[in-house]
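Take a look at the structure set out below.
The values are calculated or read from the model by the stated rules, or taken from the named source; none is laboratory data. Bear in mind that the values here come from a model prediction, so they are computed numbers and not experimental data. All Cβ positions, glycine included, derive from the backbone under ideal geometry; neighbour counts span all protein chains shown.
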């Protein structure tokens, strides 16, 4: 539990280091334009702000994971068209956010993903088949959240921001050096829970990082109908939360920004709000028709800002990547996709009795009765 | 994660065991339960609006922040969804939050967190993530409260699988049920009948006794079963006494646990008496009593001498303070209900 010493230390930090800065709003407002470490043409960015370029080893891993993630995303989309998945919200185009954010996490940190963040989950190490359990329709969450410290994918928008803040605050109370990263979209910033979470996090100085993947649309509703704020990152000042506006198609910038947020939290300085400007190349899901609300020309513009091509150009120019390595990686991605495809094409046997097993820690008498009735019904009808 | 809580702490039970039982209010009993749980298990936290220095608007958390420190008993920003949502995250990280919603209707902003996450996370994760959270909510009327301070919101919660919903009718049971709720691996919505906060009882406070999911017969009788909970337990006991003048020997069953429902105790009582009336403050239409009447009819049809009746609040938004006495089921209305149980058909 929180010791008095810690409370005093925390109070001192607020009094001397932050109070005067906060009164002036210093350090709370984001940059006017998105921070970039690598520009869309693959050259060193000229608006890096305080972000530090990750070391080559990290850059190469960001690239590798984006290539694998993109191939996984394509495979999942194909499986949906084949009827193997009930639905799949693609993150194609948001690859830098998916991978950059996750690689910035330390082992003990927690990830709070949404339904569009399956690539992030797989990048964190979850078995792809377990990660797709929700979207295949087998169970609501197919992986063990404690194994990789990943909350279940959250469907009600904004609600998991509060879970992340609670988890981060608990870590502080228990003196665990542990942060929580919550992923949300531009639409979720309009939800009341997001407001409450930012406020609670700031008041408690919880080690939480909010990464808003601003892809321009909440299903069909464009950002202009979502907010009148100059940027979503600009909202941070209202909570006393330092904010960063980054190029969400620059994996290095996303990595560096999230890492900075984690470090701030770890240092007892509280939460960070990051807005990453990106774009959803595919429709909201396979059930959506994006042509009804956006032009193909806009999609083409963003295809030209592809996060993988950008990093590949940079790495190649820096002599960190050659054609052989890229070919080997492409082969690795194919093997990965093939494994996912093969395993997803195997029908899983679901146990109907499991519906009753986890409602409570132990099934109630009434649930036992209903379970027995269902099993008897299935036996009678030979289903 | 769901291996919850060590046995009762030394300070709590051992300290009290040797003492002569003194009169205690329900608010005092709840305060003692929180203090004893905080002593017994360092994972237990108490938080909400005004629960710190003030001790809660009903003083249920009085003195706890001073005794256990602000890291364990603390005020939150004024946002109910935030309170429940962050409690969920804390429980995911191994803590045992006991949170307070200030009033029944002020808990509604948290409804999505309660129904979509608190109730479902254990099921969503195939039992891997348990949420041993207690949500304390003062409910019901009878205190002259203005609008939004007097709702009986139990049916919203009992209709949500994954939640336990309990409500005490007496001070001793308030202590017992709250200790049991904090010990419970499932999320518990703990409804406190606010008009009974100041009712007194002379009884030893102990978590032992009827389990968290058991109903109890508060008054044995042979002619008719009054089925009730929370604030109307006392009203029904008074009605049962008054009924003796009419020659009726009335049994009163206090449900304690609204979800799950104790079919065993209730069916046994109704089969014994052959008549039953469900009493609650909440509106009758699709209210909790409808479920009670339906399931006991299904289970006891051949034992019934009359349809199971409901004596409830009217199907109106909770009335203003000067009219609430007309809305709340009272002794006369309960006796009228008993009188309508087709006694003449037996003659």
Please tell me if residue B:144 is modelled with pLDDT of 95 or more, out of contact with any strand residue (DSSP E or B) (no Cβ under 9 Å at 6 or more places or on another chain) and closer than 28 Å to residue B:89 by Cα. no
In segment A:116-152, which residues are part of a helix (DSSP H, G or I) and under 20 Å from residue A:357 (Cα atoms)? A:130, A:133, A:134, A:145, A:146
The condition from (1) closer than 27 Å to residue B:200 by Cβ; (2) in contact with a strand residue (DSSP E or B) (Cβ under 7 Å, 6 or more places away or on another chain); (3) assigned to a helix (DSSP H, G or I) that residue B:241 misses is numbered (2)
Can you name every residue in segment B:44-96 that is facing chain A (nearest Cβ under 9 Å), in a loop (DSSP other than H, G, I, E, B) and in contact with a strand residue (DSSP E or B) (Cβ under 7 Å, 6 or more places away or on another chain)? B:72, B:76, B:95
Return the only residue of A:64, A:70, A:84, A:57 being over 20 Å from residue A:215 (Cα atoms), in a helix (DSSP H, G or I) and touching a residue at least 60 places away in the same chain (Cβ under 8 Å). A:64
With respect to residue B:169, is the statement that it is modelled with pLDDT of 95 or more and either more than 20 Å from residue B:292 (Cα to Cα) or more than 11 Å from the chain's Cα centre (by Cα) (or both) true? no
Looking only at segment B:197-212, which residues are surrounded by fewer than 19 Cβ atoms within 10 Å (Cβ to Cβ) and closer than 11 Å to residue B:177 by Cβ? B:209, B:210, B:211
If the requirement is being without any contact (Cβ under 8 Å) to a residue 24 or more places away in the chain and in a helix (DSSP H, G or I), which of these qualifies: A:297, A:309? A:297
Yes/no for residue A:131 being surrounded by 24 or more Cβ atoms within 10 Å (Cβ to Cβ) and either under 22 Å from residue A:246 (Cα atoms) or under 13 Å from the mean Cα position of the chain (by Cα) (or both): no
Residue B:290, sole failed condition from (1) within 22 Å of residue B:168 (Cα to Cα); (2) in contact with a strand residue (DSSP E or B) (Cβ under 8 Å, 6 or more places away or on another chain); (3) surrounded by 18 or more Cβ atoms within 10 Å (Cβ to Cβ): (3)
Taking residue A:362, is it at pLDDT below 95, part of a loop (DSSP other than H, G, I, E, B) and outside the structural domain of residue A:45 (by TED's automatic domain parsing)? no
Per the list (1) exposed (fewer than 11 other Cβ atoms within 10 Å of the Cβ); (2) part of a helix (DSSP H, G or I); (3) at pLDDT below 95, residue check on residue A:349 breaks on (2)
Kindly evaluate residue A:303 against the criterion of being touching a helix residue (DSSP H, G or I) at 6+ places or on another chain (Cβ under 8 Å), over 30 Å from residue A:137 (Cβ atoms) and at pLDDT 95 or above. no
So which helices (runs of 4 or more DSSP H) are wholly in segment B:114-187 and hold at least 1 residues that are facing another protein chain (nearest Cβ under 9 Å), farther than 20 Å from residue B:79 by Cα and out of contact with any helix residue (DSSP H, G or I) (no Cβ under 8 Å at 6 or more places or on another chain)? B:121-124
With the requirement that a residue be modelled with pLDDT of 95 or more and over 19 Å from the mean Cα position of the chain (by Cα), what does segment A:50-79 give you? A:51, A:52, A:53, A:54, A:55, A:56, A:57, A:60, A:75, A:78, A:79
Can you name the residue in segment B:293-318 that is closer than 30 Å to residue B:147 by Cα and crowded, with 17+ Cβ neighbours inside 10 Å and is also farthest from the chain's Cα centre (by Cα) among such residues? B:309
